[in-house]
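No value in this document is a laboratory result; all are computed from the given coordinates. All values reported here derive from a predicted model rather than from experimental measurement. Neighbour counts are summed over all protein chains in view; Cβ atoms, including those assigned to glycine, are modelled from backbone coordinates with ideal geometry.
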Amino acid sequence: MINENFLKLSESYLFTEIARKVNAYKEEHPRADIISLGIGDVTQPLAPAVIEALHKATDEMAIATTFRGYGPERGYDFLREAIVQNDFQARGIDIEADEVFVSDGAKSDTGNFQELLSAECVVAVTDPVYPVYIDANTMAGREIVKLPCTAENGFVPELPTGHVDVIYLCYPNNPTGTTLTKEQLKVWVDYAIRENALIFYDAAYEAYIQSEDVPHSIYEIPGAKQCAVEFHSYSKTAGFTGIRCGYTIVPKALSLPLNKLWNRRQSTKFNGTSYLAQRAAEAIYTPEGKQQIKATIAYYMENARMMREALTEMGFKVYGGIDAPYLWVQTPKPHPLTPSPVGEGEPSGMSSWEFFDWMLHSAHVVCTPGVGFGAQGEGYVRLTAFGTHEATTKALKRIEKVL
Ligand SMILES: *Cc1c(COP(=O)(O)O)cnc(C)c1O
């Protein structure tokens, strides 16, 4: 017998459908130069400090006296101490090294952590959302409550009307690129304490924050250590999507003994992140490393700025892109000369997929339909700042021309 819960998963057809449409178009128009503003992966190479650390670690592996096999289950001390110092103590947050669990990235940890909780827990997620949270909890057979994030509420989710046990929050947000201020995040910490609920805080885009009042960690909010687990990733911070390294903070002050249970779970099912990846991660905390990854983030954020300005100028309603590499763009009203393929109702703009098709066919630009991230994403597309300046500029010029 299979786990029936897996049959409840919706087909993850978003990126396959995008690829299918792009390939079909390419087949018909082999000479079309298609630019993607939908890239969900970083494109710039690793920082020189990281490369140097990788070479050095590789050389250590070649000699019996410095060779390393299985590492400590929570990660090497050198990395956990660098994390505590740079990501927390430097911001006045008191996190201890044994509250840090080094991982192979935030996808697995945000997906797996729910294993520690009862199947009876009611889970709240934002809509639109990073699909991992929904799918992992669906596999476990949990009830899921959606918290709409719309232009009307400024993409700030409202508290659930009833009790929920777990809330997934991701800020800066993928896909909307929006953030929460400290006050807005405090509302959630207060709710969690009051309701004895747990917050899973995904801080994968923390390094992209430019604004002063946007918290980098939920632990900047008083009381959060009693109610929140926080996930970090070096993927977007330092281009580690192919290296694989991240970490999760599981405070000992939580009302449930999750620090102990997560240690037990990880030591049973996970044999650690490679020594090379951990040395590579350590290198981003050196003065050169910090400066180099900052420069790459600035490069992407310059794309985000160009996109925001140009699209706003063209008359688009654009959200995000200030503290995140994502822009959430409202689709325009259908062009009067194109028949509206949406029969039912009166859409305020084109549907996400109509706009996707229009962009692909007329501008040869690929975006990501917002509806792929949840029902509330209908009428939006997500654009990413992970391209090159050249491709981004070219794509914007083309959109302007075809409008
Ligand atoms: C990219 C991303 C991650 C990071 O995943 P890794 O497994 O660390 O590469 C986590 N959460 C969100 C919302 C993301 O977009």
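Per the Debye calculation on the range 48-286 with a single equal scatterer at every Cα and no solvent contribution, log₁₀ I(q)/I(0) for q = 0.09, 0.13, 0.17 Å⁻¹ amounts to -0.37, -0.77, -1.30. The ratio of the alpha-carbon radius of gyration of the chain to the globular-protein estimate 2.2 N^0.38 Å is 1.01.
If you take every DSSP beta bridge fully contained in the chain, what fraction is antiparallel? Give it as a percent rounded to 5. Rounded to the nearest five, the antiparallel share is 50 percent.
Label sites at Ser255 and Lys317, each approximated as a point 7 angstrom past Cα along Cα to Cβ, lie 3.8 nm apart.
If the chain linking Thr58 and Ser118 were pulled fully straight, counting 0.36 nm for each residue of separation and taking away their Cα-Cα distance, it would gain 17.4 nm. Once the Cβ-Cβ distance of Thr43 and His361 is raised to the sixth power relative to R0 = 25 Å, the FRET efficiency obtained is 0.50. In this rough spin-label picture, where each label sits 7 Å from Cα along the Cβ direction, the Glu28-Ala97 distance is 6.1 nm. Annotation: extensible slack from Asn3 through His163 equals 54.8 nm (criterion: 0.36 nm per residue apart, minus Cα-Cα distance).
Peptides 235-241, 67-73, 167-173, 216-222, ordered by how many other C-beta atoms sit within 10 Å of their residues on average, highest first, read 167-173, 235-241, 216-222, 67-73. Between Asn196 and Glu309, full extension at 0.36 nm per residue minus the direct alpha carbon distance yields a gain of 36.4 nm. Here the relative contact order of the chain, from alpha carbon pairs under 8 Å that lie six or more residues apart, stands at 22 percent. Rounded to the nearest 10 degrees, the angle from helix 48-61 to the longest Cα principal axis of the chain is 40 degrees.
Taking other C-beta atoms within 10 Å as the exposure proxy, Leu185, Leu159 rank Leu159, Leu185 from fewest upward. With the simple model of a label 7 Å out from the Cα in the direction of the Cβ, Glu73 to Met139 spans 2.1 nm.
Take peptides 320-332, 359-371 and line them up by average Cβ neighbours within 10 Å, highest first, as a rough protection proxy.
320-332, 359-371
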